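The structure under discussion appears below in the form of structure tokens.
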Amino acid sequence: MLTKNYLDFSRALEAGITAAHAAASILQAYAHNRSDLVIDHKSRNDLVSQADREAEAAILEQLTKLTPEFGIVAEETGGKPTGTATWYIDPLDGTTNFLHGIPHYAVSLGLIAHAGTQLQADTEPLSRDTPVVSVVYDPCREELFTAIYQEGARLNGERIYCSTSQSLSDSILGTGVPFRDFSFADQYMPTFDAALHTTRGIRRLGAAALDLAWVACGRFDAYWEMGLAPWDVAAGTLLVREAGGQAEDMYGIDPWPVKGYVAAANKQVFPELMAMLKPHLTAPTIKKE
């Protein structure tokens, strides 16, 4: 009698960790020899190097070997969501930081289970796409952020939680400003101005996956950004949710910020964050892939 196969979260997490470490070893080797990098321009301020490409190849090799049943969508090589779940991978989140020698970048891998997938024998099939496994690895600080759906978020194996800030006025916010796609600048700039006047401070560090990871561990109280790609936010979304916070599509349309318009915070601050953003939001700008 055949037994139905459910998602093996632990095996997926181990595969993601193995892949992230393989990619990071390549990045760190190049980090000490940045002058040797061949850099291409995909578009204005959108850079890619062989470090990105080789790191992505290392991730693909590991994931196709260890979790062949899952689809893969990758920043450099593309792909489409398939099967019961799909990996969204960014081999180098914070490429510009990396190329300028700024030690703030990460490898990011998020597994999204698709609507209709039954995660466990005693649960109903998912009604919508749901992040279920996350790996964000910061090789400069040797910080490994991980999460499994309904099992919590961890930093180097220790449980982490969002901050206990009670209001925006007591909060440090992370963000990212438009730098290559300016189609949403008219929405973004008023939100930045509002945050400037209503929060404790704003930080722009240049790596969305780490921004979300830092919300999950309480370094940032909240974070918002527009015009990202799905691989930028897939892993970080689950980290925040499993750390007790909220990470959502800021338009309230998609089940996770797949179109790259993300708002995240602890649960006390999140409603106030959304109240700050909503007056300035217009119809969603669909990002061209």
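Structural remarks
- Residue ranges of helices (runs of 4 or more DSSP H) in segment 174-247 with at least 2 members at pLDDT below 95 and open to solvent by 20 Å² or more (accessible area, probe 1.4 Å): 185-198
- Filtering segment 191-214 to residues that are without any contact (Cβ under 8 Å) to a residue 24 or more places away in the chain and among the acidic types (Asp, Glu) leaves only 193.
- Failed condition for residue 266, given (1) within 22 Å of residue 93 (Cβ to Cβ); (2) surrounded by 24 or more Cβ atoms within 10 Å (Cβ to Cβ); (3) in contact (Cβ under 8 Å) with a residue 40 or more places away in the chain: (1)
- Pairs where the first residue, in segment 236-259, is on the phi > 0 side of the Ramachandran plot and the second is of a type outside the set (Lys, Arg), C-beta under 9 Å, 6+ apart: 244/152; 244/153; 244/161; 244/162; 244/216; 244/266; 252/274
- Some residue of segment 116-138 being of a type in the set (S, T, N, Q) and in contact with a Lys or Arg (Cβ under 9 Å, 6 or more places away or on another chain): yes
- Qualifying residue in segment 120-138 (condition: charged (D, E, K, R), assigned to a strand (DSSP E or B), open to solvent by 20 Å² or more (accessible area, probe 1.4 Å) and in contact (Cβ under 8 Å) with a residue 24 or more places away in the chain): no
- Of everything in segment 67-93 that is closer than 30 Å to residue 118 by Cβ, open to solvent by 40 Å² or more (accessible area, probe 1.4 Å) and not β-branched (Val, Ile, Thr), the residue that is modelled with the lowest pLDDT is 75.
- Set side by side, the residues 117, 64 differ, and just one is modelled with pLDDT of 95 or more and β-branched (Val, Ile, Thr), which is 64.
- Total residues in segment 150-165, condition crowded, with 19+ Cβ neighbours inside 10 Å and assigned to a loop (DSSP other than H, G, I, E, B): 4
- Residue match in segment 269-281 (condition: open to solvent by less than 10 Å² (accessible area, probe 1.4 Å), over 18 Å from residue 200 (Cβ atoms) and not in a loop (DSSP other than H, G, I, E, B)): no
- Residues that are at pLDDT below 85 and either in a helix (DSSP H, G or I) or open to solvent by 50 Å² or more (accessible area, probe 1.4 Å) (or both) within segment 23-37 comprise 32, 33, 34, 35, 36, listed in sequence order.
- Considering residues of segment 162-194 that are in contact with an Asp or Glu (Cβ under 6 Å, 6 or more places away or on another chain) and small (Gly, Ala, Ser) only, the residue farthest from residue 216 (Cα to Cα): 176
- Within segment 139-149, if we keep just the residues that are outside any loop (DSSP other than H, G, I, E, B) and of a type outside the set (Val, Ile, Thr), the residue that is surrounded by the most Cβ atoms within 10 Å (Cβ to Cβ) turns out to be 147.
The values are calculated or read from the model by the stated rules, or taken from the named source; none is laboratory data. Since the model is a prediction, treat every value here as computed from it, not as a measurement. Every residue, glycine as well, gets a Cβ built from its backbone with ideal geometry; the counts of neighbours run over all protein chains shown. For the accessible areas, the whole protein counts, side chains as well, though only heavy atoms, and no ligand, DNA or RNA atoms are used. Shrake-Rupley method; radii C 1.70, N 1.55, O 1.52, S 1.80 Å.
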